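These notes concern the structure reproduced below.
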Amino acid sequence: MSKGPVRRGLTRLLRLSSREKLKAGPGGGPVLRLYRRKREILESRFRYPESPPCGGRNEVVVGQLSALRTGRLGRRDGQIRGREGRLSEPPFFMVRPNWAMPRYIGRENLRKRLEPHQGSPGRTTYEAGSVRIEFAEETLTVRPPFGLAHEGSYETVELGPLFEALAEEHVVAALLVRLGGFAVGVFEGERLVASKVGTRFVKGRHKKGGSSANRFRRRREEQERALIEAAANTAAQVLEPWRERVEHAALGGDRRAVSQVTTDPRLTWLAERALPRFFTTGDPRHRDLERLPYDLYAAEMAEGA
């Protein structure tokens, strides 16, 4: 069983009530068999596809749960079946993820973790911009932030091409925009060589309605347009001298605001060079630009993929 919410949820689901414990007696009896049956079904009646569809949901089979109408599981089963008797979305603790969730690790931290395994028994496969590393005890899939051109297969753990890709330096343009501020910068490697930040007040959404609702909405839209225009002008001013040298663009903040800024004819090239990862941030400030290089060069890693 997996850890975290899944295990805690199953523990609550499988916990015997006081009445069931009283019926079980010292030796357990029928209630103990019921408990074992509950656990057997919950642990064995899951089916996972080898690779999930993009944006898809976990697949879970609960076909036998309707056979159990006793105790906590019976009540939970009633909730699953819904008003019309059809199976609806199962509770979160009955759904185990059917793919490995990726996380991002700084390139130096990743090197420290993997370097001791160089040359050890296993299998390494480089393809489609990522590397799959199969150890005796686990399997890792690593995707460098700026791609991995090397392709090949090795019967041992071969990490040289991965480390070379992680060590490469790039010229990256950064554009962070939220409704409240923006930050624009250019990085040579991890060094910030050009930057400018700005702030604009944008009123929060008016929730009460009434005769003033439209006036507040119009005022907010005016403030949004002013911020988007200021961010686009600043980005064009800072990034245009670097346009020919910039290899990639790092976009972050609020997706809608960034999308509006990059539709400016002077900045459409940013969307063409944008990295797949969208960087989350609060109201952009200069300190956010200074912290960005770690995330820029962090590699995506999934365990058990």
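The values are calculated or read from the model by the stated rules, or taken from the named source; none is laboratory data. The structure displayed is predicted, hence computed values, not measured ones. With ideal geometry, Cβ positions are generated from the backbone for all residues, glycine too; neighbour counts draw on all protein chains shown.
Entry remark, the stretch 278-305: residues being assigned to a loop (DSSP other than H, G, I, E, B) and without any contact (Cβ under 8 Å) to a residue 60 or more places away in the chain number 2 in total.
Conditions tested, residue by residue: (1) at pLDDT 95 or above; (2) more than 29 Å from the chain's Cα centre (by Cα); (3) assigned to a loop (DSSP other than H, G, I, E, B).
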residue	(1), (2), (3)
Leu175	yes, no, no
Phe182	no, no, no
Val197	no, no, no
Asn214	no, yes, no
Arg220	no, yes, no
Leu251	yes, no, no
Gln260	no, no, no
Pro276	no, no, yes
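Quick one: in the stretch 130-154, of everything that is out of contact with any Lys or Arg (no Cβ under 8 Å at 6 or more places or on another chain) and of a type in the set (Gly, Ala, Ser), which residue is farthest from Asp295 (Cα to Cα)? Taking the candidates together, the pick is Ala136.
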